[in-house]
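Novice: Pasting in a structure now, in structure tokens, and then I'll have a few things to ask.
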Amino acid sequence: MTLKTGADLDTGVARAEGVPEGVGRSATEGRWVQLAVGVVAMVATANLQYGWTLFVKPIATKFAWSETSIQISFTIFIVTQTWLTPFEAWFVDRFGPKRVVAIGGILVGLSWLIDAAASSLSLLYLGGIVGGTGAGIVYSTCMGNALKWFPDRRGLASGITAAAFGAGAALTVIPISNMIEESGYERAFRVFGIAQGLTIMIASMILNSPTRGKLPVPAKPKIQQTSQDLDWRKTLRTPAFRILYLMFTMVATGGLIVVAQLGPIAQNFNVAKVQVSLPGIKLAALPFALSLINLMNGASRTFFGWLSDHIGRENTMFLAFGTDALAILALITFGHNPVLFVLFAALTVFAWGEIFSLFPATSGDLFGRKYATTNYALLYTAKGMASLLVPLGSYLKLQTGSWLPIFVVASLFDLGAALMALFVLKPLRVKWLSRTEEAG
């Protein structure tokens, strides 16, 4: 018995589908290059979301603005990042990724230059708009490309791509934090903004979408998926899309609250600057937690994406969302302990980050490959819907003096989504795909 490598399997699939041997091998090799380039672009975009919390306190200290008013910029960033992606993805699906991502790189760099110069909340909010638009372009294009190039390993490919965005800030959290302490937050905005924008523009020169006849597709994929390609109009009319959208919104809410408010929560718990020692590492609790959650966020997307290729999307959702519900409650209950704050913050994000691999993979399964970028971009607006609830965390804290109410709500959202995955989405997938194949 001879074991086959991934490349052997891909080439064999191409032959089974009637694709010439040379083309199959070329497509297989080329798609891994495309995945790698997408990863680089996503890493260069990650700080706009996951490094933001480092700047909140310094900005508030300089201008005496409330943290709630500053966090509105984060909300604006998330809203523009998500709600504009369907329009951006439409251009990508029709004209290719190169020029669109280059524009995204320019906007990513410009956004932090605006934030560095912002002397009013209006300018800070403008930076959020520009950054959100640029980040949305990069995110939707790279994710769509992964879904198109890897129909046979959709969970793994979307997981790796999403991991680059989730974990991409891990390497720069400490350098940014140090630069803020030594030279001020303005210089950190400028230096890292320019570097990130240039990196994305260079990556855009290599990005390509697969062309007809040059993509290996398995005859019998492990995960049941449609052979049809639904455009955005047909996708919006499906019950499956509405269920996915509701679940995405529910689970995204809890994670975004943790990401946006982790700094203030650590300050309120009086653990932010407490030294935490774990094997081989000793850091203050907040930068330690931020570094760890970025790594766990990336690991989550890759691991659960890979797992979903083997045990199914809905089964994986049930496992991950249920774990996240428990982790959120553990964070608010035991987070006053610096070590437990770090560990449960990391576990919360680990069990949350996989939504950015499971939902795009499921979207590709149900609605097809041709319009994968646009269809997932529509679904991705659920993150924007969830972001509207992020300021609610600060508001409830001010009104009640406790984070408990919003954390309980977030955990209930996770639990509800876990049950919906198993008892609503899973049977719906079977019925929907059976119906579309009969229609085809």
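Novice: Restricting to segment 167-194, give me the number of residues that are open to solvent by 50 Å² or more (accessible area, probe 1.4 Å) and assigned to a helix (DSSP H, G or I).
Specialist: From segment 167-194, those open to solvent by 50 Å² or more (accessible area, probe 1.4 Å) are 171, 174-175, 178, 181-183, 187, 190-191, 194; that's our starting set.
Restricting the remaining residues to those that are assigned to a helix (DSSP H, G or I) gives 174-175, 178, 181-183, 187, 190-191, 194.
Residues flagged as open to solvent by 50 Å² or more (accessible area, probe 1.4 Å) and assigned to a helix (DSSP H, G or I) within segment 167-194 amount to 10.
Novice: With the requirement that a residue be closer than 13 Å to Ile355 by Cα and of a type in the set (Val, Ile, Thr), what does segment 288-322 give you?
Specialist: Thr302, Thr316, listed by residue number.
Novice: Taking only segment 79-100 into account, find how many residues are outside any helix (DSSP H, G or I) and under 12 Å from Ser209 (Cα atoms).
Specialist: 2
Novice: OK, next. Give me a count of the residues in segment 262-287 that are open to solvent by 70 Å² or more (accessible area, probe 1.4 Å) and of a type in the set (Gly, Ala, Ser).
Specialist: Matching residues across segment 262-287 total 2.
Novice: Hey, Tyr185 hits all of (1) modelled with pLDDT of 90 or more; (2) closer than 19 Å to Val40 by Cβ but one; which does it fall short on?
Specialist: So the condition that Tyr185 fails would be (2).
Novice: Right, something else. Taking segment 14-62, which residues are at pLDDT below 50, part of a helix (DSSP H, G or I) and surrounded by fewer than 20 Cβ atoms within 10 Å (Cβ to Cβ)?
Specialist: Arg15, Ala16, Glu21, Gly22, Val23, Arg25, Ser26
Novice: Can you find a residue in segment 153-162 that is in contact with a Cys (Cβ under 8 Å, 6 or more places away or on another chain), part of a helix (DSSP H, G or I) and within 26 Å of Ile293 (Cβ to Cβ)?
Specialist: Restricting attention to segment 153-162, the residues satisfying the condition of being in contact with a Cys (Cβ under 8 Å, 6 or more places away or on another chain) are 161.
Now restrict to residues that are part of a helix (DSSP H, G or I): 161.
The next check asks that each one be within 26 Å of Ile293 (Cβ to Cβ); those that pass are 161.
Yes, segment 153-162 has at least one match.
Novice: Still on this structure: Could you tell me whether segment 114-123 includes any residue that is of a type in the set (Asp, Glu) and within 22 Å of Thr381 (Cα to Cα)? Outline the logic, then answer.
Specialist: Quick first cut of segment 114-123, residues of a type in the set (Asp, Glu) only: 115.
The next check asks that each one be within 22 Å of Thr381 (Cα to Cα); those that pass are none.
No, segment 114-123 has no match at all.
Novice: Output the qualifying pairs, or none if there are none: Cβ atoms under 8 angstrom, residues six or more apart or on different chains, first residue in segment 187-210 and in contact (Cβ under 8 Å) with a residue 60 or more places away in the chain, second residue surrounded by 19 or more Cβ atoms within 10 Å (Cβ to Cβ) and not in a helix (DSSP H, G or I).
Specialist: Note: pairs meeting the criteria are Phe192/Gly51; Phe192/Thr172; Ser204/Pro97; Leu207/Pro97; Asn208/Pro97; Ser209/Pro97.
Novice: Within segment 392-410, can you find the residues that are of a type outside the set (Val, Ile, Thr), under 14 Å from Ala252 (Cβ atoms) and buried (at least 16 other Cβ atoms within 10 Å of the Cβ)? If you could, list the steps in order and put the result at the bottom.
Specialist: The first filter runs over segment 392-410 and keeps only residues of a type outside the set (Val, Ile, Thr), leaving 392-399, 401-405, 407, 410.
Within this subset, residues satisfying the condition of being under 14 Å from Ala252 (Cβ atoms) are 392-393, 410.
Answer for segment 392-410, where residues must be of a type outside the set (Val, Ile, Thr), under 14 Å from Ala252 (Cβ atoms) and buried (at least 16 other Cβ atoms within 10 Å of the Cβ): Gly393, Ala410.
Novice: Tell me which helices (runs of 4 or more DSSP H) are completely within segment 227-345 and hold 2 or more residues being in contact (Cβ under 8 Å) with a residue 60 or more places away in the chain and of a type in the set (D, E, K, R), or say none if there are none.
Specialist: Values: elements: 232-236, 239-268, 285-311, 313-334.
Helices (runs of 4 or more DSSP H) meeting the threshold: 285-311, 313-334.
The values are calculated or read from the model by the stated rules, or taken from the named source; none is laboratory data. Here the structure is a predicted model, which is why all the values come from computation and not from measurement. We place every Cβ from the backbone using ideal geometry, glycine too, and count neighbours over all the protein chains shown. Areas reflect the complete protein model, heavy atoms only, side chains present, ligands, DNA and RNA absent. Shrake-Rupley method; radii C 1.70, N 1.55, O 1.52, S 1.80 Å.
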